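Remarks on the structure that follows.
Values in this text are rule-based calculations from the coordinates and carry no lab data. Note that this is a predicted model, so its numbers are computed, not measured. Cβ sites come from the backbone with ideal geometry, for glycine too, and all protein chains shown count toward neighbours.
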Amino acid sequence: MKQELQQLVDRGEFLPLMEEFYTIQGEGYYKGTAAYFIRIGGCDVGCHWCDVKESWNADLHPPTKISKIVGNAVKYSDTIVVTGGEPLTWDMTLLTSQLKANGLKVHIETSGAYKLTGTWDWICLSPKKLKSPTNEIYLKADELKIIVYNMNDFKFAEEQASKVSDKCILYLQPEWSNRDKMIPEIVDYVMKNPKWKVSLQTHKYLNIP
Ligand SMILES: C[S@@+](CC[C@H](N)C(=O)[O-])C[C@H]1O[C@@H](n2cnc3c(N)ncnc32)[C@H](O)[C@@H]1O
Ligand SMILES: Nc1nc2[nH]cc(C(=O)O)c2c(=O)[nH]1
Ligand code: SF4
Ligand SMILES: [Mg+2]
């Protein structure tokens, strides 16, 4: 990337935009709610089951001026979900301030692995074993969404739950490719440990983005 453009990306004035789409939030607390998704490229966490590996290499996604992203978003919805890739790879300060200046509610989907930047109305923290969240984000998370790929993930879920605030809503979400195996385990676990709720990737059942 040209040096000047790289500086604009480093400042969060441009961001590598992979895709943007108006859909229904499929997961977690806002499941079922219409929202405009902004998917920012770039992630080096490396989850082997990641369902958007095409997002990882930021160089494949064009640096896009944030005023253009905001201009599109405002046409579609008053609820915006910023996801990726890992959005906290980048400085989210300017994007979120411009979205909020337009009166939009701004949500993030994040692993929390990098410094929390930006101003958020809702933080969905989905921690990963490969790169732990920063201490700062645990107490700010509104929902904790643990992806359950195998039985070890229940122990990981409890460790992560011990770090969030009392108000944080706790979700167990089956890893998509292993859902037939893990959904019965999650159901059983939630009935025995009702502080947890089930989250499903309902958009995949609905065949929407
Ligand atoms: C693609 S990630 C992007 C945001 C951020 N990098 C993160 O991991 O939170 C969006 C959400 O999808 C979840 N996710 C990714 N792949 C999944 C899969 N195969 N099955 C279930 N959930 C998945 C992530 O844990 C995260 O909550
Ligand atoms: N409909 C829909 N809901 C989602 N919730 C979180 C998603 C994500 O990839 O971050 C996602 C997504 O990709 N589509
Ligand atoms: S942190 Fe998120 S985007 Fe990155 S590999 Fe894991 S699930 Fe995919
Ligand atoms: Mg997704």
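Neighbour counts of C-beta atoms inside 10 Å place W90, W176 in the sequence W176, W90, starting with the fewest. The overall shape of region 157-198 is prolate: from the C-alpha gyration tensor, with semi-axes ordered a ≥ b ≥ c, the ratio a/c is 1.5 or greater and a/b exceeds b/c. Here K31 is the anchor, and the lysines within straight C-alpha reach of less than 18 Å, apart from those fewer than 8 places off in the same chain, are K105, K145, K197, K204. Considering only Cα-Cα distances, which of the following residue pairs are longer than 31 Å: K53/K75; K115/K155; K115/K181; K75/K155? Distance filter (> 31 Å) returns K115/K181; K75/K155.
Our coupling estimate for region 169-178, obtained by passing each phi through the Karplus curve with A = 6.51, B = -1.76, C = 1.60 and θ = phi - 60°, is 8, 9, 10, 10, 10, x, 5, 4, 6, 10 Hz, Gly and Pro reported as x. Subtracting the Cα-Cα distance of K181 and K2 from 0.36 nm times their residue separation leaves 59.7 nm of extension gain.
The length gained by stretching the chain between T23 and D78 to full extension, at 0.36 nm per residue less their Cα-Cα distance, is 18.6 nm.
Loop-located trypsin sites (Lys or Arg not before Pro) across region 139-175 with a Cβ neighbour count of 11 or fewer within 10 Å are K167, with loop assigned by DSSP. Here the sum of -39500 (n - 2.57) over DSSP H runs of 4 or more residues, divided by the residues of the chain, equals -8000 deg cm²/dmol at 222 nm, to the nearest 500. Rounded to two decimals, the Cα-based Rg/Rh of region 12-72, with Kirkwood Rh, is 1.01.
Listed as lacking a disulfide-compatible partner in the chain: C43, C124, C168, by the criterion of no other cysteine Cβ under 4.7 Å. Relative contact order of the chain: 18 percent, from C-alpha pairs under 8 Å at least 6 residues apart in sequence.
What does the C-alpha gyration tensor say about the overall shape of the chain? Classify as rounded when a/c is under 1.5, otherwise prolate if a/b is larger than b/c, or oblate. Prolate.
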